[in-house]
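Single-structure report; data block below.
Only the coordinates and a few stated rules stand behind these numbers; no lab work does. Computed from a prediction, not measured in an experiment: that's the story for all the values here. Here the Cβ positions follow ideal geometry from the backbone for every residue, glycine too, while neighbour counts run over all protein chains shown.
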Amino acid sequence: MSTMGNNDGLTPSLGIKDSHYTFGIVTSLIDGVKVPLTGTPTGALNVNLAASTTSATQNASGTITSGGASQQIAAADTSRDYFLLENVSDTDMWVDFGQAATAGQPSFLIKANGGSIELRGLNILKGTITVIGATTGKAFAGRTES
């Protein structure tokens, strides 16, 4: 879940957005999402929640297909705004963006037994997503949204 504000610097606003709903006290938001609110400072506040219609979730889960070799788990996507990967195996894994993952830097270590990486927002890396693990068959859970 993330907080958002307007971008004009003059009008106060507060919004909260997760992958399914946007809600809050808003006049405008950076990404153009607006939530209509009614009420008075001393009265009831009515919030109108609407499900997101602009994002599509893709499953990036799988297993290591060949121990010691980088594999692509998501294609490049210029509209990607969310990525989550959790290592659900008992063996460390490494993830990288836009290039083959390696078992070391510059790839990112995802520790065994629940280690994870989560990226969100406008500045997320848009290239291919690759993973490498030492042992064939080890599982990871992943999601992207765009």
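Computed over neighbours whose Cβ is under 15 Å from that of Phe140, the net charge equals -2, Lys and Arg +1, Asp and Glu -1.
Among Ser61, Ser89, the order by Cβ neighbours within 10 angstrom, fewest to most, reads Ser61, Ser89.
First select every other residue whose beta carbon is under 12 angstrom from the beta carbon of Val88; then total the charges, Lys and Arg +1, Asp and Glu -1.
Local charge sum for Val88: 0.
Counting other Cβ atoms within 10 Å as a rough exposure proxy, the listed residues Leu122, Leu85, Leu109 run Leu122, Leu109, Leu85 from fewest neighbours to most. For Gly127, neighbours were defined as the other residues whose beta-carbon sits under 11 Å from its Cβ, and their charges (Lys and Arg +1, Asp and Glu -1) total 0.
Given the C-alpha centroids of the range 57-99 and the range 108-140, what is the distance between them in whole angstrom? So the two Cα centres are separated by 5 Å.
Return the loop-located trypsin sites (Lys or Arg not before Pro) in the range 64-146 (DSSP other than H, G, I, E, B) with at most 12 other Cβ atoms within 10 Å of their own Cβ; answer none if there are none. It would help to have the intermediate numbers written out before the result.
On the way: sites: Arg80, Lys111, Arg120, Lys126, Lys138, Arg143; in loops: Arg80, Lys111, Lys126, Lys138.
In loop regions of the range 64-146 (DSSP not H, G, I, E or B), the sparsely surrounded trypsin sites (Lys or Arg not before Pro) are Lys111.
Looking at the square roots a ≥ b ≥ c of the eigenvalues of the Cα gyration tensor of the range 57-145, which shape do they give, rounded for a/c under 1.5, prolate if a/b is larger than b/c, or oblate? It comes out prolate by the Cα gyration axes.
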